[in-house]
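I have placed the structure first, in the form of structure tokens, so that the comments after it can refer back to it.
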Amino acid sequence: MERKVRVRFAPSPTGPLHMGGVRTALFNYLFAKKHGGDFLLRIEDTDQNRYVPGAEDYIIESLKWCGLVPDEGVGFGGELGPYRQSERKPLYKKYADHLIENGCAYYAFDTAEELDELRKKAEAEKQVFSYDLHTRNGLKNSLTLSPEEVTQRLESGESYVIRFKMPENRDIVEEDLIRGRVSFNTNQLDDKVLFKSDGMPTYHLANVVDDHLMNITHVIRGEEWLPSMPLHILLYESLGISETRPRFSHLPLILKPEGKGKLSKRDGDKMGFPVFPLLWKDPETGDISRGYREDGYFPEAFINMLALLGWNPGTEQEFFSITELIESFDLERVTKSGARFDPEKAKWFNRHYLQQKSAAELTAMFIPELKEKGIDADPKKVEIVVGLIKERCEFAKDLWAQSSYFFQAPESYDEKTVKSKWKADTSEKLQVITEFFETLNDWNAEAVKEAFSAFMTAKEWGFGAVMVPIRLALVGGSSGPDLFVIFELLGKDETISRIKKAINKIQ
Ligand code: GLU
């Protein structure tokens, strides 16, 4: 019988979620939804030394912000919980015991100091110490000690670990759904710790046992976990649960904008872009790391950008709604090689999603910001303004920068423009123009444009000489939408008053 697709995102709460982690969650989510399956969130917190307070909430909030809502998991309910590994602690021992009983694992009593000593010694000889089939027979474990001594050590409460006994010279071959055939020889692998005497399993054991108990059918995770795959495969085999073993897929790295090396927080700090979905405040140092959300990205832009980091639809299409992503997503079209992150592309996606929003939607986002600034503008006017300037914006926060002059007279004038465009006779001409404006009754853009053109023709004044100075007076700079539209929106009195103010200030 075909099993229902079930995938999991299994982060460790060791800090904020990197955007690479969000992409892993996204690809799991897309795969699950494409196949009518379930997407689980499991928190892998067996390594209590690396636990960071707040990280778990951060992960959950990030997934929610991105719209990647789990069907089951910490904070989302489900039948096969608990979904936080520390709460599943009593469950793992029997699996570790089973491996001891069938000879696939052994107790090891070497102390941290002893192992450290061995590591240092190897280092001095330019070697790397590894607890494996070459060294295990010379170390302090249940393979070398007598059964009586092992029992006595266990009974006296001495600390121990349970290590996997890596079999000798076996080729572990697997069809990774992204990478194709991958093969490992067990002689290259070490005897990983599976369980500790404090009763906690390590990542490897807990991960495999939980994937089994949670009926996971596909493991989709970052490529840094590929080296763990042969051990995981052997664990399924040694536990006698190979029948339920999931298929594996290892996602490519997200690379630095330069193209070489894994994208890190430092790249973001250096080049000024976020690498985390949400702002993160380090609970120890208080250091702040910026987030896509707080930087003003729309979640749909962030997700669209992430989806194309390592996956492509095989067509020219670049803009995808989440529904379109679910339809088009396919692990076979995930690339094996790393995907270069381009911060400019991220902005470009945001610009696209901002342009897709109606002036009314953007107005609803903008009005609270105006209120905060003490500006109580007519929403109808704000909507017109937003419609005029939205194409100049990449982020919602650009709305103010592009439109402030509609709500507040400029306090200063762009110096370069003043220097090049404010000539000796400019003030005089503008003075005459304000007098002419006073005489106009009809103040809509079309009417003013017509009357003003006739006036300029009669005066034999070139438009070029006055338009930029007028814009400078109204806007403070030399760019913006059509000047007559600005006249109309500001109203006659405000237009005239701003021109007069500029004449006084710039003189
Ligand atoms: N806890 C691991 C992590 O932090 C999970 C790896 C896996 O998906 O197996 O990424």
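The values are calculated or read from the model by the stated rules, or taken from the named source; none is laboratory data. Model, not experiment: these values are computed from the prediction. Note that each Cβ is placed from the backbone with ideal geometry, even for glycine, and that neighbours are counted across all protein chains shown. Only protein heavy atoms, including side chains, enter the accessible area calculation; ligands, DNA and RNA are left aside. Shrake-Rupley method; radii C 1.70, N 1.55, O 1.52, S 1.80 Å.
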Considering amide H positions built from the backbone, and no H for Pro or chain starts, which residues 5 or more places from ARG8, or on another chain, come under 5 Å of its amide H?
LEU40, ILE220
Kindly write out, for the range 214-224 in residue order, the coupling ³J(HN,Hα) from the Karplus curve 6.51 cos²θ - 1.76 cosθ + 1.60 (θ = phi - 60°), rounded to whole Hz, with x marking Gly and Pro.
9, 6, 6, 9, 9, 9, 10, 8, x, 5, 5
Projected onto the charge dipole of the chain (unit charges on the beta-carbon of Lys, Arg, Asp and Glu, signs +1, +1, -1, -1), the Cα from LEU430, ALA401, THR151 with the largest positive-side position is that of LEU430
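With charges only on Cβ, +1 for K and R and -1 for D and E, what is the dipole size of the range 43-83 about its Cα centre, in debye, rounded to 20? Can you show the working numbers first?
Values: 2 positive and 9 negative charges, 29 e Å.
Computed charge dipole of the range 43-83: roughly 140 debye.
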Spatial separation of Cα centroids for the range 1-62 and the range 127-162, in angstrom:
35 Å
Tilt of helix 445-459 relative to the longest C-alpha principal axis of the chain, in degrees (0 to 90, nearest 10)?
50 degrees
Angle between the chain longest axis and helix 19-34 axis [Cα atoms, degrees, rounded to 10]
80 degrees
Whole-Å distance, taken between Cα centres, linking the range 427-502 and the range 251-330:
46 Å
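With every protein chain present, what is the per residue accessible area of the range 392-448 (1.4 Å probe, Å²)? Please list the in-between numbers first.
Values: 3210 Å² over 57 residues.
That works out to 56 Å² for each residue.
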As a quick test, which of the pairs LYS371/LYS501; LYS93/LYS196; LYS416/LYS501 have an alpha carbon distance above 21 angstrom in this structure?
LYS371/LYS501
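Counting DSSP beta bridges in the chain, what percent are antiparallel, to the nearest 5? The partial results should precede the final answer.
Details: 20 of 36 bridges.
Antiparallel bridges: around 55 percent, rounded to the nearest 5.
With a cut-off of 8 Å between alpha carbons and a minimum separation of six or more residues, what is the relative contact order of the chain in percent?
Working: 725 pairs, mean separation 60.1, N = 507.
The value is 12 percent.
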Excluding same-chain residues fewer than 8 positions from LYS347, which aspartates and glutamates have a Cα within less than 15 Å of its Cα?
GLU294, ASP295, GLU300, GLU318, GLU391, GLU394, ASP398
Scoring only Lys, Arg, Asp and Glu (+1, +1, -1, -1) among other residues with Cβ under 13 Å from the Cβ of ASN141 yields -1
Each residue of the range 102-112 in order: what ³J(HN,Hα) in whole Hz does its phi give by Karplus 6.51 cos²θ - 1.76 cosθ + 1.60, θ = phi - 60°, with x for Gly and Pro?
8, x, 8, 8, 8, 7, 10, 10, 4, 7, 4
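Given Cβ point charges of +1 (Lys, Arg) and -1 (Asp, Glu) and nothing else, what value in debye, to the nearest 20, does the dipole of the range 336-494 about its Cα centre take? Write down the numbers at each step before the final one.
Values: 22 positive and 26 negative charges, 192 e Å.
With Lys and Arg at +1 and Asp and Glu at -1, about 920 debye.
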Using θ = phi - 60° and Karplus 6.51 cos²θ - 1.76 cosθ + 1.60, couplings along the range 467-477 (whole Hz; Gly, Pro as x)
5, 5, x, 5, 4, 4, 5, 8, 10, x, x
Total charge dipole magnitude, the chain, about the Cα centre, Cβ charges on Lys, Arg, Asp, Glu only, Debye to nearest 20:
960 debye
